[in-house]
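Asks: Have a look at this one.
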Amino acid sequence: MRLLRSTKAIKAILSRSYSNSRSTGKMATDIKFNGSLTRSDPQLQPVLIIGQLRHLNLLKFGHLASKLEPRVTEETFKTAIACLHPAPTDKCSLYLDVATVAALPLKASRHNTASRAHAITRLVKNHVLNVNEESVVLVCERENIFASACAVVRAFPLYSRKTGGGNGCKSPTADGGDADATRSVVNVEFIVIDKEGCIEEKPLSQDELNCLQESARSIRLAARIVDTPCNEMNVDDFIENIREFGKELSLEPLIIRGEELKERGFGGIYGVGKAATVPPALVVLSHEPKGAQETIALVGKGIVYDTGGLSIKGKTAMPGMKRDCGGAAAILGAFYTAVKCGFNDNLHAVFCLAENSVGPNATRPDDIHTLYSGRTVEINNTDAEGRLVLADGVCFANKDLKANIILDMATLTGAQGIATGKYHGAILTNSEPWEAKALQAGRKSGDLLAPIIYSPELHFSEFASAVADMKNSAADRQNALSSCAGLFVAAHLGFDYPGVWMHVDMASPVHCGERATGYGVALLLTLFGSHTNCSLLQSIAPTEEEPPSKRMCRD
């Protein structure tokens, strides 16, 4: 009888919470990171506990009593842990589904992240209740705090235009939530396991919490931009987002757009975007602190919509092309958090923005454009547009910004998903040590990477043209297509470029199903973590370990 009354009471509380959510159309979610476990009653604030089984077995009831009492007893807790058999995951209710413990996969291969980040995201999506306030407790080792936290964040996308109870669409706020929606709170808290298998008593520092909070904001920002359709996220709207985040950093963007692009020689960006009603743009945010030793440029493909141009996509291939700005979105988020975390070298974010439209002014196959590099390109496929805008971007990073490390990020090829799958982005680079660093950063951040072939002497001939310096699409589409696409970009930087060039193709991991993932933000923050003043990012930044092998290119 007592259990029945408890069940009815909880259902009444949750019913009121769900009712609040429905009445406002969409419950916007705020994510809050806490340094240690706060006290809460699961009947009022549901809790989901996630960890690897070996870590959960280290816990005593006292470690979690503040989240479980008075509803869960020590005996119930021990029995639940003993019942977990992850294959690959498993969960057990501790109290009427408002207190749940979940075990992550037992194994993670060398090409996976030790944090099991993708499993964390799935568990959170499937088992949080979306009520007014709840908690997610992560039981993990210190080196997996960042990746685990980012994995939770990916489960809570911001963008929605669902009207719920027929109240009509809401006006979005700066973070993409509804301006007048009821806001729910998800508290993310940690139990940290040290290297000796003991529970750390020291809570996360304020510096670490600030890093997690800013990273969460940036991941959700990137996902919101990618999820937003082009009628709300055209080039003007993207520039406004850049302005807003630049203003928070006291930075004014450099903007070159429209006919000025043509006059200044940016034939790639101009040629791709000139048919759209909203003109294309090259936008740059620059952070240049005193005492900087290196200059790093992040170049993002920002095609706000890709019809394919006159080489138009089919009716099943075109839906989802709002995601073609995923590289630029990730770079905006990563740049913002990196500066917030005290980036101590020169850092530039270069956004190559355009809408690839069909119209009277559209680029035609057979047209020849002169790009910012001065090299001419014969267009044989207007749907191979991303490499054209990136070519202008990386050339600008070299010629004008004098960057010695250039990384471009793009949803560049459908072939990427075939080559490296839907979880791993593809990394192509002229530097084997930086390839090793990037792969390590992928495992540490949860934004996984896999290498693709860098061999310009074998593959660049695919772009041979009888009338121009090159074509923009490979002759043989069965020949390492993702590598070839990246090499087109590198050719405008120059294969003799003395600095480091990295190309990340993330066409598949930019989304999971119909929602964006914010892929790339955590990867970039981890890869360049040693350039920040943030202890958390420094601790997971790639080390200077030797690459698997050293190979010299001999004449």
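The values are calculated or read from the model by the stated rules, or taken from the named source; none is laboratory data. Computed from a prediction, not measured in an experiment: that's the story for all the values here. As a convention, Cβ positions derive from the backbone with ideal geometry for all residues, glycine included, and neighbour counts pool all protein chains shown. Calculation scope for accessible area: heavy atoms of the full protein, side chains included, ligands and nucleic acids excluded. Shrake-Rupley method; radii C 1.70, N 1.55, O 1.52, S 1.80 Å.
Asks: Could you please tell me which pairs satisfy a Cβ distance under 9 Å, a separation of 6+ or placement on different chains, a first residue in segment 223-238 that is hydroxyl-bearing (Ser, Thr, Tyr), and a second residue that is assigned to a helix (DSSP H, G or I) and open to solvent by 30 Å² or more (accessible area, probe 1.4 Å)?
Replies: Qualifying pairs under 9 Å: Thr228/Asp237; Thr228/Lys322.
Asks: Related question: When you go through Ala330, Ala354, Ala362 one by one, which is the residue that is farther than 24 Å from Ile405 by Cα, among the hydrophobic types (A, V, I, L, M, F, W, C), open to solvent by less than 10 Å² (accessible area, probe 1.4 Å) and touching a helix residue (DSSP H, G or I) at 6+ places or on another chain (Cβ under 6 Å)?
Replies: Ala354
Asks: Quick one: count up the residues across segment 340-351 that are part of a loop (DSSP other than H, G, I, E, B), polar (S, T, N, Q) and either on the phi > 0 side of the Ramachandran plot or surrounded by 20 or more Cβ atoms within 10 Å (Cβ to Cβ) (or both).
Replies: So the count comes out to 0.
Asks: Of a type in the set (Lys, Arg) and buried (at least 20 other Cβ atoms within 10 Å of the Cβ) - does that describe any residue in segment 277-291?
Replies: The answer is no, given that none of the residues of segment 277-291 is of a type in the set (Lys, Arg) and buried (at least 20 other Cβ atoms within 10 Å of the Cβ).
Asks: Got at least one residue in segment 407-419 being over 19 Å from Gly326 (Cβ atoms) and surrounded by fewer than 19 Cβ atoms within 10 Å (Cβ to Cβ)?
Replies: First, the residues of segment 407-419 that are over 19 Å from Gly326 (Cβ atoms): none.
No: zero hits.
Asks: I need every pair where a residue in segment 472-489 that is within 13 Å of Asn430 (Cα to Cα) has its Cβ under 8 Å from the Cβ of a residue that is acidic (Asp, Glu) and not in a helix (DSSP H, G or I), sequence separation at least 6 or different chains.
Replies: Gly486/Asp505; Val489/Asp408
Asks: Among the numbered criteria (1) farther than 28 Å from Ser539 by Cβ; (2) assigned to a loop (DSSP other than H, G, I, E, B), which single criterion is violated by His459?
Replies: (2)
Asks: For segment 434-445, does any single residue satisfy the condition of being crowded, with 19+ Cβ neighbours inside 10 Å, at pLDDT 95 or above and part of a loop (DSSP other than H, G, I, E, B)?
Replies: Initial filter on segment 434-445 (crowded, with 19+ Cβ neighbours inside 10 Å): 434-439, 441-445.
Checking the rest, the ones that are also at pLDDT 95 or above come to 434-439, 441-445.
Then keep just the ones that are part of a loop (DSSP other than H, G, I, E, B); that gives none.
Scanning segment 434-445, I find no residue that is crowded, with 19+ Cβ neighbours inside 10 Å, at pLDDT 95 or above and part of a loop (DSSP other than H, G, I, E, B), so the answer is no.
Asks: If Ser171 passes every condition in (1) out of contact with any Leu (no Cβ under 6 Å at 6 or more places or on another chain); (2) modelled with pLDDT of 95 or more; (3) hydroxyl-bearing (Ser, Thr, Tyr) but one, which one does it miss?
Replies: (2)
Asks: On to the next question. Give segment 250-303 a look and list any residue that's basic (Lys, Arg), free of Cβ contacts under 8 Å to residues at least 40 places away in the same chain and within 28 Å of Leu523 (Cα to Cα), or say none.
Replies: Scanning segment 250-303 gives a single hit, Lys290.
Asks: Out of everything in segment 10-32 that is of a type in the set (A, V, I, L, M) and assigned to a strand (DSSP E or B), what residue ends up being modelled with the highest pLDDT?
Replies: Applying the filter and picking the extreme gives Ile31.
Asks: Is it the case that segment 33-49 has a residue that's outside any loop (DSSP other than H, G, I, E, B) and open to solvent by 30 Å² or more (accessible area, probe 1.4 Å)?
Replies: No, the conditions are met nowhere in segment 33-49.
Asks: Please find, within segment 420-433, the residue that is farthest from Ser539 (Cα to Cα) out of those that are in contact with a Phe, Trp or Tyr (Cβ under 8 Å, 6 or more places away or on another chain) and surrounded by fewer than 24 Cβ atoms within 10 Å (Cβ to Cβ). Spell out how you get there, then give the answer.
Replies: Residues of segment 420-433 in contact with a Phe, Trp or Tyr (Cβ under 8 Å, 6 or more places away or on another chain): 425, 428-431.
Next, only the ones that are surrounded by fewer than 24 Cβ atoms within 10 Å (Cβ to Cβ) stay: 429-431.
On the way: Thr429: 24, Asn430: 26, Ser431: 23 Å.
Checking each candidate, the answer is Asn430.
Quick grid of which residues meet (1) at pLDDT 95 or above; (2) of a type in the set (A, V, I, L, M, F, W, C); (3) surrounded by fewer than 24 Cβ atoms within 10 Å (Cβ to Cβ):
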position	(1), (2), (3)
Ala474	yes, yes, no
Gly494	yes, no, yes
Gly499	yes, no, yes
His503	yes, no, no
His511	yes, no, yes
Ala516	yes, yes, no
Gly520	yes, no, no
Ser530	yes, no, yes
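Asks: Criterion first (charged (D, E, K, R), open to solvent by less than 10 Å² (accessible area, probe 1.4 Å), in contact with a strand residue (DSSP E or B) (Cβ under 7 Å, 6 or more places away or on another chain) and not in a loop (DSSP other than H, G, I, E, B)) does Lys301 satisfy it?
Replies: Judged against the criteria, Lys301 is a match.
Asks: Yes or no: Ala464 surrounded by fewer than 24 Cβ atoms within 10 Å (Cβ to Cβ) and either under 22 Å from Ala147 (Cα atoms) or at pLDDT 95 or above (or both)?
Replies: Taking the combined requirement at face value, the residue satisfies it.
Asks: Checking the structure you have, find out if any residue of segment 115-134 is over 25 Å from Gln206 (Cβ atoms), surrounded by fewer than 22 Cβ atoms within 10 Å (Cβ to Cβ), small (Gly, Ala, Ser) and without any contact (Cβ under 8 Å) to a residue 40 or more places away in the chain.
Replies: no
Asks: Return a yes/no flag: does segment 388-410 have any residue that is assigned to a loop (DSSP other than H, G, I, E, B) and among the aliphatic types (A, V, I, L, M).
Replies: Yes; the residues of segment 388-410 include at least one that is assigned to a loop (DSSP other than H, G, I, E, B) and among the aliphatic types (A, V, I, L, M).
Asks: Going through segment 373-406 one residue at a time, which ones are surrounded by 24 or more Cβ atoms within 10 Å (Cβ to Cβ), closer than 21 Å to Ser286 by Cβ and of a type in the set (Val, Ile, Thr)?
Replies: Those that are surrounded by 24 or more Cβ atoms within 10 Å (Cβ to Cβ), closer than 21 Å to Ser286 by Cβ and of a type in the set (Val, Ile, Thr): Val389, Val394, Ile406.
Results for (1) outside any helix (DSSP H, G or I); (2) surrounded by fewer than 20 Cβ atoms within 10 Å (Cβ to Cβ); (3) modelled with pLDDT of 95 or more, shown as yes or no for each residue.
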site	(1), (2), (3)
Asn187	yes, no, yes
Gly197	yes, yes, no
Leu204	yes, no, yes
Cys230	yes, no, yes
Glu252	yes, yes, yes
Ile255	yes, yes, yes
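Asks: Which members of segment 465-482 meet the condition of being outside any strand (DSSP E or B) and in contact with a strand residue (DSSP E or B) (Cβ under 7 Å, 6 or more places away or on another chain)? Lay out the reasoning, then the answer.
Replies: Residues of segment 465-482 that are outside any strand (DSSP E or B), as a first pass: 465-469, 472-482.
Correct list: Ser465, Val467, Ala468, Asp469, Asn472, Ser482.
Asks: Counting only residues that are in contact with a helix residue (DSSP H, G or I) (Cβ under 6 Å, 6 or more places away or on another chain) and either within 15 Å of Val139 (Cα to Cα) or basic (Lys, Arg) (or both), which one in segment 51-76 is least open to solvent (accessible area, probe 1.4 Å)?
Replies: Step one: filter segment 51-76 for residues in contact with a helix residue (DSSP H, G or I) (Cβ under 6 Å, 6 or more places away or on another chain), giving 56, 61, 74.
Now narrow it down to the ones that are either within 15 Å of Val139 (Cα to Cα) or basic (Lys, Arg) (or both): 56, 61.
Values: Leu56: 2, Phe61: 21 Å².
The selected residue is Leu56.
Asks: Next up: Determine whether segment 103-120 contains at least one residue that is of a type in the set (Val, Ile, Thr), modelled with pLDDT of 95 or more and within 34 Å of the chain's Cα centre (by Cα).
Replies: The answer is yes; a qualifying residue exists.
Asks: Continuing with the same structure: Of (1) more than 22 Å from Glu259 (Cα to Cα); (2) in a loop (DSSP other than H, G, I, E, B); (3) of a type in the set (D, E, K, R), Arg323 satisfies all except one. Which?
Replies: Only one criterion is unmet by Arg323, namely (2).
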